[in-house]
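**Student:** Please see the structure below; I have some questions.
What follows is calculated from the coordinates using simple rules that are stated; it is not laboratory data. As the structure is a prediction and not an experimental result, all values here were calculated from the model. Note that we place each Cβ from the backbone using ideal geometry, even for glycine, and neighbour counts take in every protein chain shown.
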Amino acid sequence: MKNIQNYSVVLRQATRTDVAQLSQIETLSYTTDRISARSFKRFIDQGVGDFQVLCVDDQVVGYFIVLYRQATELARLYSLAVHPEFRRRGYGRQLLQAAEDAADERFCLFMRLEVKVDNMAALQMYHVAGYYDMEIRAEYYEDDSDAVVLQKLLPQFKRSDLDQEQARLVPYRTQTTDFTCGPASLLMAMAYFDIACADAHHEELEIWREATTIFMTSGHGGCGPHGLARAALKRGLQVELHVSEAGPLLLDSVRSSDKKQIMARIQEADIAALEREQVPIVIGEYPVAQLMADLQQGKLVIALISTYVFDESKAPHWVLICAADEHYVYINDPDQDTFAWQSPAERQYIPIPIATFKRAFGFGKRKQRAAVVLSRAPG
């Protein structure tokens, strides 16, 4: 065998001619959750993210795939593997550094990934490289084994003022239907404020029944801001509601005058109920400075956004804002992404540049804005 110092080591973009060797590495590295040859070809052909291979004397001995979420500063290390015969030579660390460099060049703030809980060698490599454990995903893999979600703040963006925010981790929950992003956001806030919930799935639907606008552009209606505020109040949270205009919102999302009247009637009842409970309803802008002040006081904010800047879909969507600094707003997005390579880890503490958030905050031609500000009730 050659001395390792005589090897020609090259890192380059993956091509279709590499697929056979990549598939061999998958077979030798994993017993489940393998990337198929077809998927490798799709990643190469579609140019999704960064896909590079490490070659030793023209043999592909390892690779990495990094994927990105549009309009965010979050990268996901989708896969990294080294041929068993070439392990313990530093190639894994070399690939990891190259993956981080690729994400850094795209000005990403965080790198996230998942590792099997019993893959001690991989966990050690990532921990040494500066990754920290975020949470455990139960039964994440095909064989029902758990995954550790890890994250690293990339060096280019490391700032001491993020340390406190990283420690303040809001639990994540994915919505279970297309129309319950608001309830899922409220459930995350409830978990953070230690409000017990015996059956989260049932509670998600119950909150929707209480807060729904009934109609929307298509399918079931989502939730209105006044209804969500009322549901949060009912569950023991202290609530303050910020809306850009008085009265019912989201009426422009339907064309039928009958539907508009029903939506208005439901929201008017919610508004009256909030007024009876003396819940503050602030009419006007909810500036980022106020958002940051609320978060610094330990509050969380459920915000209405348009997803157009992220996926070019003109749909109203509720997200939970967990933290903010002078550069980014960090959200937990309950949305169920449709692409097979996206995971829930990508939707927790998503760093959104403030300029992007300002474009996304609000919905419709009139840019109707709503923010449900939540905190622990006194006493």
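**Student:** Which order do the peptides 286-292, 195-201 come out in when sorted by mean C-beta neighbours inside 10 angstrom, highest first?
**Tutor:** Order by mean packing, descending: 286-292, 195-201.
**Student:** Still on this structure: Can you work out the base-10 log of I(q)/I(0) for the chain at q = 0.13, 0.14 1/Å, using the Debye formula on its C-alpha atoms alone?
**Tutor:** -1.04, -1.15
**Student:** Could you point to the residue in ILE136, LEU74, MET120 farthest towards the positive end of segment 4-158's charge dipole, with +1 and -1 charges on the Cβ of Lys/Arg and Asp/Glu respectively?
**Tutor:** Checking the options against the dipole of segment 4-158, the answer is LEU74.
**Student:** Can you give me the angle between helix 225-234 and the longest principal axis of the chain, using Cα atoms only, in degrees from 0 to 90, rounded to the nearest 10?
**Tutor:** Taking Cα atoms only, the helix is inclined about 90 degrees.
**Student:** Across all directions of projection, what mean area in square nanometres is found for the Cα convex hull of segment 10-82?
**Tutor:** Taking a quarter of the hull surface, the average projection is 5.0 nm².
**Student:** A further question follows. Enumerate the whole-percent occupancy of each 10 Å bin, from 0 to the last occupied one, for all C-alpha pair distances of segment 24-163.
**Tutor:** Spelled out per bin, shortest first, that is 11, 41, 39, 9, 1.
**Student:** Using helices alone, what [θ] at 222 nm do you get for the chain, with -39,500 (n - 2.57) per DSSP H run of 4 or more residues, divided over all residues and rounded to the nearest 500?
**Tutor:** Helix-only estimate at 222 nm: -9500 deg cm²/dmol.
**Student:** When N is the residue count of segment 181-376, what does its C-alpha Rg come to as a fraction of 2.2 N^0.38 Å?
**Tutor:** Expressed relative to 2.2 N^0.38 Å, the Cα Rg reads 0.96.
**Student:** While we're looking at this one, here's another question. If only Cα atoms are counted, what is the Rg of segment 179-251, and what is its Dmax, in Å?
**Tutor:** Here Rg and the maximum Cα pair distance are 12.3, 36 Å.
**Student:** Another one. Taking the chain as a Gaussian network, where each spring joins two C-alpha atoms under 10 Å apart, which residue of PHE193, PHE310, PHE64 fluctuates the most?
**Tutor:** Result for the chain, Cα springs under 10 Å: PHE310 fluctuates most.
**Student:** By count of other Cβ within 10 Å, fewest leading, how are THR27, THR356 ordered?
**Tutor:** Fewest-to-most Cβ neighbours within 10 Å comes out as THR27, THR356.
**Student:** Okay, moving on. Out of ALA246, GLY236, LEU95, whose Cα points farthest toward the positive end of the dipole of the chain (charges: +1 Lys, Arg; -1 Asp, Glu; placed on Cβ)?
**Tutor:** ALA246
**Student:** Listed here are the pairs LYS234/LYS365; LYS260/LYS299; LYS260/LYS365; LYS259/LYS314; LYS152/LYS365; LYS259/LYS299; which of them are more than 26 Å apart at the Cα?
**Tutor:** Exceeds cut-off: LYS234/LYS365; LYS260/LYS299; LYS152/LYS365; LYS259/LYS299.
**Student:** Run the dipole for the chain about the Cα centre, Lys and Arg Cβ at +1, Asp and Glu Cβ at -1, nothing else charged, and hand back the magnitude in debye, nearest 20.
**Tutor:** For the chain, the charge dipole is close to 680 debye.
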